[in-house]
Amino acid sequence: MISISGVRGKIGLGFGLDEALAFSKSFASMMNGGTAVIGRDSRPSGPYLESLLTSALLASGNSVLTLGLVPTPTTKAVVNLSKANGGIMISASHNPMDWNAFKFISKKGFFFSAEENKKLLSIIQNGTYPKEQISPEGYIDSGEDYIDLHLSSVLKRVNVAKIKKKKFTVFVDAVGGAGSYVVPKFLQMLGCRVVAHNCNPDGTFPRPPEPTAAALKSVEPYFKKSKADIGFALDPDADRLVLFSPKRGAVSEEYTLPLALMNVLSTAKKKAKVVVNLSTSFLNEEVGFRFGAEVIRSKVGEANVVEEMLKTKAVFGGEGNGGVIDPTIPSFGRDTLSGIAHILNLMAETGKTVDALLDELPSLYMDKQSFPLAKGMSLESLYEKFQSEFSPKVISEKDGLWMYVSDSWIHIRPSNTEPIFRVITETKSKSDLETTLKRVKQCVES
């Protein structure tokens, strides 16, 4: 699959060595003899894909700054901080272990734009790769010092002394992924006592890799046993963040962004702008309204949210999948360290528990489902069915079909990361959600 989120697929079944080499050589040609940063998650295929990518870069005269096992936001931050020409994160994010991916990063740490992706593909299609050099001048170096600079940049955004004074006990489930070392280290820098769970980065993913509340049910007993003040669960490349609270256990990934947003807007100027994607909960509008901020909606995908944030000069942004984006941090993308820091700072500044803060937010009535497209049906005909069934008051076609229907919304769109389409629904009551889901099912199955 090729999209705004990079190129990904099953190892040997769409994303094998031949495909990986073609993308490596194409990316290497775009680096123009500069430096490229490489990070990876813990998937067993990561080391050999990294070796292949490194070979392609060196052979074409580029240098490589290697980070090893690090979160995606750290790789992006290091591209920015080191002034590299670009970088690649080798990770298929929340996909299963037999998948892997290249996430392409351009200068200043931003994911490739649509135009850059188009150029990357055109090089492959035309076979215009650079010739291998007999005596290339590039070299391999470690980017370890830059990793610490990323952590320091996040610490500057919060009151470290106040957080340290609280001596929080924090539970971390890194799903054996890229956050297994960096996140516990970061929490210790904040004076927290860390209870590490699933922090052995062997790439086996001991629970479902996508950190949803349902996927984390099996982890709840370990969190409760830890008696931690708060818990954080990550996905394999550590750009998504989900919370555990003492009373509720694992909560919806939709609560991560509004809690972090509460911390940021508490010190922001009035009429500040915040960007979230079309599939993200109303909870953010609720928080924005309290602080006099404007919430703007973009297409789904981190690159799309960031593009809208740059355009509108937003003070904060993110996605409802647990992705928090702080534009003042050099990763300028979904960053679990940022989310953790802002939420712990909110707890420290207000003196409230995470449960008390969650109680201040409205109840969430939301459903996220995925479906294969029925044989012979186009997305356009599916959209027509939904419009006919719901007669929406407001329609947006900037990303699939988004419909506003009587204090509810429904978003139907093809996935950027899997061969499916998604239907996300949010209402203001449980009964409305149940009724809406029955009608959604009729549209999909009829």
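Among the DSSP beta bridges whose two residues both lie in segment 226-366, what percent are antiparallel, rounded to the nearest 5?
Here the share of antiparallel DSSP bridges comes out near 55 percent.
Mind listing the phi-derived Karplus ³J(HN,Hα) values for segment 383-400, rounded to whole Hz, using 6.51, -1.76 and 1.60 with θ = phi - 60°, and x for any glycine or proline?
Result, rounded to whole Hz: 4, 4, 4, 5, 5, 5, 6, 9, 6, x, 6, 10, 10, 10, 10, 5, 8, x.
Shape call for segment 2-144 from the C-alpha gyration tensor, a ≥ b ≥ c root eigenvalues: rounded (a/c under 1.5), prolate (a/b greater than b/c) or oblate?
Rounded shape, in that the Cα axes give a/c under 1.5.
Hey, which aspartates and glutamates would be in cross-link range of Lys185, C-alpha to C-alpha under 13 Å, not counting anything within fewer than 8 residues on its own chain?
Asp148
How high is the relative contact order of the chain? Use alpha-carbon pairs under 8 Å, at least six apart in sequence, and give a whole percent.
Contact order relative to length: 14 percent.
Counting alpha carbon pairs within less than 8 Å and at least 6 residues apart, what relative contact order, in whole percent, applies to segment 157-360?
Worked out over segment 157-360, it gives 20 percent.
Taking amide H positions as placed in the peptide plane 1.01 Å from N, state which residues far from Gly34 in sequence (5 or more) or on other chains have amide H under 5 Å from it.
Answer set, sorted by chain and number: Ser63.
Given a 1.4 Å probe and the protein chains all in place, what does the accessible area of Tyr139 round to, in Å² to the nearest 10?
Using a 1.4 Å probe on the heavy atoms, I get roughly 130 Å².
Measure off, as a whole percent, the carbon and sulfur share of the 1.4 Å-probe accessible area of segment 157-360, all protein chains present.
52 percent
More than 26 Å apart: what percent of Cα pairs in the chain qualify?
56 percent
Can you run the Rg to Rh ratio on segment 312-359? Use alpha carbon positions and the Kirkwood inverse-distance Rh.
1.02
Return the whole-Å distance between the Cα centroid of segment 365-392 and the Cα centroid of segment 190-258.
The distance from the Cα centre of segment 365-392 to that of segment 190-258 comes to 32 Å.
Please list Ser446, Ser378 from largest to smallest accessible area, probe radius 1.4 Å, with all protein chains kept in place.
So, going from the largest accessible area down, we get Ser446, Ser378.
Taking the Cα centre of segment 127-219 as origin, sum charge times position over the Cβ atoms of Lys and Arg (+1) and Asp and Glu (-1), and report the length of that vector in debye to the nearest 20.
Computed charge dipole of segment 127-219: roughly 1000 debye.
If you take the square roots of the eigenvalues of the alpha-carbon gyration tensor of segment 157-360 and sort them as a ≥ b ≥ c, do you get rounded (a/c under 1.5), prolate (a/b over b/c) or oblate?
The shape class here is prolate.
Would you tally the net charge around Lys430, using a Cβ to Cβ cut-off of less than 15 Å, leaving Lys430 out, and scoring K and R as +1, D and E as -1?
-3
Around Arg193, which amide H atoms from residues at least 5 apart in sequence, or from another chain, sit under 5 Å from its own amide H, with H modelled in the peptide plane?
Placed amide hydrogens put Phe168, Thr169, Val170 under 5 Å from Arg193.
Starting from the amide H of Gly9, placed 1.01 Å from N in the peptide plane, find each other amide H under 5 Å away whose residue is 5 or more places distant or on another chain.
Amide H neighbours of Gly9, under 5 Å, 5+ apart: Asn100.
When a/c is below 1.5 the answer is rounded, else prolate if a/b is larger than b/c, else oblate, so apply that to segment 170-273 with a ≥ b ≥ c taken from the square roots of the Cα gyration tensor eigenvalues.
Prolate is the answer for segment 170-273, as a/c is 1.5 or above and a/b outweighs b/c.
From the helices alone, meaning DSSP H stretches of at least four residues, give me the mean residue ellipticity at 222 nm for the chain, per-run term -39500 (n - 2.57), in deg cm²/dmol to the nearest 500.
It comes out at -11500 deg cm²/dmol, rounded to the nearest 500.
So, taking all protein chains as they sit and a 1.4 Å probe, how much accessible area belongs to Ile147, in Å² rounded to tens?
20 Å²
With a 1.4 Å probe and every protein chain left in place, work out the accessible area per residue of segment 2-144 in Å², rounded to a whole number.
I get 41 Å² per residue for this part.
Once you keep just the Cα pairs under 8 angstrom separated by 6 or more residues, what percentage relative contact order results for segment 1-143?
With pairs under 8 Å counted, the relative contact order is 32 percent.
Please sort by residue number the trypsin sites (Lys or Arg not before Pro) in segment 247-296 whose DSSP state is loop and whose Cβ has at most 16 other Cβ atoms within 10 Å.
Lys247, Arg248, Lys269, Lys270, Lys271
When we measure straight from the Cα of Lys441, which lysines land under 18 angstrom away, once same-chain ones fewer than 8 places off are left out?
Within the straight-line cut-off, Lys441 pairs with Lys368, Lys375, Lys385, Lys430.
Which of the lysines could be linked to Lys107 by a straight reach, that is with a Cα gap under 16 Å, when you skip same-chain ones fewer than 8 residues away?
Correct list for Lys107: Lys76, Lys83, Lys119.
Which ³J(HN,Hα) values in Hz, rounded to whole numbers, follow from the phi angles of segment 175-189 under the Karplus curve 6.51 cos²θ - 1.76 cosθ + 1.60, where θ = phi - 60° and Gly and Pro get x?
6, x, x, 5, x, 4, 9, 5, 5, x, 4, 4, 5, 5, 5
Grab the Cα-Cα distance for Lys162 and Lys270, subtract it from 0.36 nm times how many residues apart they are, and report the gain in nm with one decimal.
36.4 nm
Sort Glu286, Glu137 from largest to smallest accessible area, using a 1.4 Å probe on the heavy atoms of the protein chains.
The ranking, largest first, comes out as Glu137, Glu286.
Top to bottom by accessible area (1.4 Å), largest first, where do Lys119, Lys25 land?
Lys119, Lys25
Once the convex hull of the alpha carbons of segment 366-445 is built, what does its volume come to per residue, in cubic angstrom?
Output value, Cα hull per residue: 84 Å³.
Which percent, nearest 5, of DSSP beta bridges in the chain are antiparallel?
Of the beta bridges lying entirely in the chain, close to 55 percent run antiparallel.
Per residue of segment 50-60, in order, report the coupling 6.51 cos²θ - 1.76 cosθ + 1.60 (Karplus, θ = phi - 60°) as ³J(HN,Hα) in whole Hz, putting x for Gly and Pro.
5, 4, 5, 5, 4, 4, 4, 5, 5, 4, 9
Could you state the accessible area per residue of segment 366-445 in Å², with a 1.4 Å probe and every protein chain left in place?
53 Å²
The values are calculated or read from the model by the stated rules, or taken from the named source; none is laboratory data. Bear in mind the structure is a predicted one, so any value in this text is a computation, not a measurement. A quick note on method: Cβ atoms are made from the backbone with ideal geometry, for glycine too, and the neighbour counts reach across all protein chains shown. Calculation scope for accessible area: heavy atoms of the full protein, side chains included, ligands and nucleic acids excluded. Shrake-Rupley method; radii C 1.70, N 1.55, O 1.52, S 1.80 Å.
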